[in-house]
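Here's the structure, in structure tokens; my notes come after.
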Amino acid sequence: QFGFKKWKSHVTARPWEDRSEIVKELYSDLNVIRGSGGSTVTCGNVLYLLLFGWWLSFLYVLVAAMMFITVVGAPYGRLCWDLAGYFLWPFGKVIQKVEVPKSRRALGACEAGAEASGAGETSALLGGPVPRRWRPWCWADAGHWQCAGTVAWLCLGYPALVLAHGLVCITAWLLVFLIPVAKLSARTTTRVLLLPPERVLVRRLKMTEVPLEGEVILCCYRAVNPYYYKYAVDGINVFAVNLLPLVLVTLVLGYVDSHNRLTSSPVKFTLALLSIMPLSYYIGMAIASISAQSNFAVGAVVNATFGSITELTFYITALIKGSREGNRCYAEIVKSALTGTLVGCVLFVPGLCMVIGGIRHQEQRFNSRSAGVSSALLFLSVGGVFAPTLFSKVYGKLVCGECHNVTQNPLGHYLCHNCHFDLMENNGTLYYSHVQPLVYTVSLLLPAAYLIGLFFTLKTHSHIYDIHISDCHMPGHHHSAVVHWSRWRALVILLLSTLCMSACADLATEHISPILTNSTISQYFIGVTVLAMVPELPEIVNGIQFALQNNLSLSIEIGNCIAVQVCMLQIPILVLFTIFYPTNFTLVFSDLHVYASMFSVVLMNYIFMDGKCDYFQGTVLVMVYFILLAVYFFAPSPSGC
């Protein structure tokens, strides 16, 4: 906990016997015959018919006609005719691999090195293992006739069906909830279509007897399974797997089409921002994998170093671009993103988790003592971060522009616009002699407080975090946790993801300029919403999952940990960066950022006081967050932007 943005249960393989039947079904092959499960006419199955079934069945009819025309491919034509009816509505049907009579088991003359006549007793199709898949043309005793039919099938019919099933497989996989259809197509391509036609039998389940004779290859009951959002490939969530090609598309378009001939800057900015989501997931998984296999010191260093790499990469890239162009808008955007992350993780993340968890559970309880530690750290961090801002407002000189005398009297009232506190009067004496040393002092104290809190919660007082995340730690389970990724693999993924993250952040800052200049929306709003919350979407999903499992303590800790890291790690690192690379970034925020952050922390501490909550309290937090967003939306852009 406390800054560890991923949890060990996400990077360790759960024992198969401890998983629920719903999860086991996700990873099972489509070859299990179940009892009567009711009607197969469901919304998901009808969706399959509309998306894939009709045209896939029509394609099989065309291929069947083509194979009948070749004459030698007539057996494959009959197979395609049967499969046309199957793929029109595959639910409640079964495809089997059956044995053929001995008289038809001999190898044909096309078998390399085999006798032309082929004896049935020496055929590999007699019992034992199935021959290699690319021997289907040697399945009969008539020799050249069957070989010619198989060649016609492999040249004319099979390639078209492979392309069609490949398209169905990719589309269904990307839609996630239709993964059973993807499995259906993949198994058809690799098993059914490569078998001799005589060994494939399509039946309806109600016309068969259990147990069936022969091996069951395909048996599907439903096309849509809503629980496939839990599906993982080698420990990686399926959504992160599907978004990985988006990163490649973003990098290719961004660096190959540098003159925006194929796409516009807003499109590239959107793609770069979306690519940050899977990369942040991979970085978090790699960090957690290394931490799970290391001691406390290594885990703390890795988390403190790379835990905020996603956000820091974007912030530093934006500050560098703003410094090169002499545009202070980028520094204001970074401040807005920092404030937006803080406010969103204090209000929106726990509030949304309370609402969603409260719908399923009437009242949820959480560890109020651990939440109190995080709240105290948030008060400390917010006070430290905004101390230079408060100092500048107390001792700075208020400078206003566009002042008008509303009473026409030199001693009357003046109406002024664009007022700000000037810290650079007298050659910046106030800033360089007082504000800047205060900023450096705060930037040293906040990481020190972070390390003390880390040692407190993970070493000396770890007992207050009585949260058992993995079922491996439950009574009666004594399984050793197996981590999906080794240390070296996690390190390589961490470095590659960080490199891609840097490239995507560079593209995002490169193409954000037209949006800032041409958009009518306030730059404040862009910073506190899009730039702040998009990288945190994987964490929001994790928090929602924990809340649904009635483990609200972890949901709250996720938001608090990110907020603490923003104030105690990210901001001090940005200040340290400005020492070596001067930018327009100063730790002096606008009044709107100060009031929004402090109000959010106070409200969160009030809500978490009693250690229990419901959906109403979560609704209050979410509504306050949206009210603050409305304030930022209607606020004028920062001066100079």
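The values are calculated or read from the model by the stated rules, or taken from the named source; none is laboratory data. Since this is a predicted model, take the numbers as computed values, not measurements. So basically every Cβ, Gly included, is an ideal-geometry build from the backbone, and we count neighbours across all protein chains shown. Side chains included, ligands, DNA and RNA excluded: accessible areas come from the protein's heavy atoms. Shrake-Rupley method; radii C 1.70, N 1.55, O 1.52, S 1.80 Å.
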* Asked: Quick one: would you say F616 is aromatic (F, W, Y) and more than 24 Å from L430 (Cα to Cα)?
  -> yes
* Where in segment 509-549 are there helices (runs of 4 or more DSSP H), lying wholly inside it, with at least 1 residues that are more than 30 Å from Y228 (Cβ to Cβ)? -> 513-518, 523-526
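Out of the residues in segment 76-86 that are touching a residue at least 60 places away in the same chain (Cβ under 8 Å) and under 44 Å from the mean Cα position of the chain (by Cα), which is surrounded by the fewest Cβ atoms within 10 Å (Cβ to Cβ)?
Let us first name the residues in segment 76-86 that are touching a residue at least 60 places away in the same chain (Cβ under 8 Å), namely 76, 78-80, 82-83, 85-86.
Keeping just the survivors that are under 44 Å from the mean Cα position of the chain (by Cα) gives 76, 79-80, 82-83, 85-86.
Numbers: Y76: 28, L79: 27, C80: 25, D82: 18, L83: 24, G85: 15, Y86: 25.
So the residue we want is G85.
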* Failed condition for Y221, given (1) touching a residue at least 24 places away in the same chain (Cβ under 8 Å); (2) among the hydroxyl-bearing types (S, T, Y); (3) open to solvent by less than 40 Å² (accessible area, probe 1.4 Å) -> (3)
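Of the residues in segment 571-612, how many are of a type in the set (F, W, Y), over 25 Å from V349 (Cα atoms) and buried (at least 17 other Cβ atoms within 10 Å of the Cβ)? If you could, list the steps in order and put the result at the bottom.
So the first thing to find is which residues in segment 571-612 are of a type in the set (F, W, Y), and the list is 577, 580-581, 585, 589, 595, 599, 606, 608.
So of that shortlist, the ones also over 25 Å from V349 (Cα atoms) come out as 577, 580-581, 585.
Of the ones still in play, those that are also buried (at least 17 other Cβ atoms within 10 Å of the Cβ) are 577, 585.
Of the residues in that region, 2 qualify.
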* Asked: Restricting attention to segment 53-75, which residues are open to solvent by less than 40 Å² (accessible area, probe 1.4 Å), out of contact with any Leu (no Cβ under 9 Å at 6 or more places or on another chain) and part of a helix (DSSP H, G or I)?
  -> A74, P75
* Asked: How many residues are within 11 Å of the chain's Cα centre (by Cα), aliphatic (A, V, I, L, M) and not in a helix (DSSP H, G or I) if we restrict to segment 228-287?
  -> 1
* Structure fact -> Note on S486: of the conditions (1) modelled with pLDDT of 85 or more; (2) open to solvent by 30 Å² or more (accessible area, probe 1.4 Å); (3) under 27 Å from L246 (Cα atoms); (4) among the polar types (S, T, N, Q), unmet is (1)
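Looking at I627, is it more than 27 Å from the chain's Cα centre (by Cα) and modelled with pLDDT of 90 or more? Outline the logic, then answer.
On the way: more than 27 Å from the chain's Cα centre (by Cα): yes; modelled with pLDDT of 90 or more: yes.
Here the answer is yes, as I627 does meet what is asked.
Of all residues in segment 30-52, which are among the aliphatic types (A, V, I, L, M), more than 24 Å from Y158 (Cα to Cα) and part of a helix (DSSP H, G or I)?
Going through segment 30-52, the residues among the aliphatic types (A, V, I, L, M) turn out to be 30, 32-33, 41, 46-47, 49-51.
If we keep only those that are more than 24 Å from Y158 (Cα to Cα) as well, we get 32-33, 41, 46-47.
Passing the criteria: V46, L47.
Would you mind stating whether I558 is in contact (Cβ under 8 Å) with a residue 60 or more places away in the chain, within 18 Å of Y282 (Cα to Cα) and crowded, with 24+ Cβ neighbours inside 10 Å?
Yes; evaluated as a whole, the condition is true for this residue.
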* Structure fact -> Matching residues in segment 520-555 (surrounded by fewer than 18 Cβ atoms within 10 Å (Cβ to Cβ) and of a type in the set (S, T, Y)) number 1
* Return yes when L494 is modelled with pLDDT of 80 or more and closer than 30 Å to S375 by Cα and no when it is not. => no
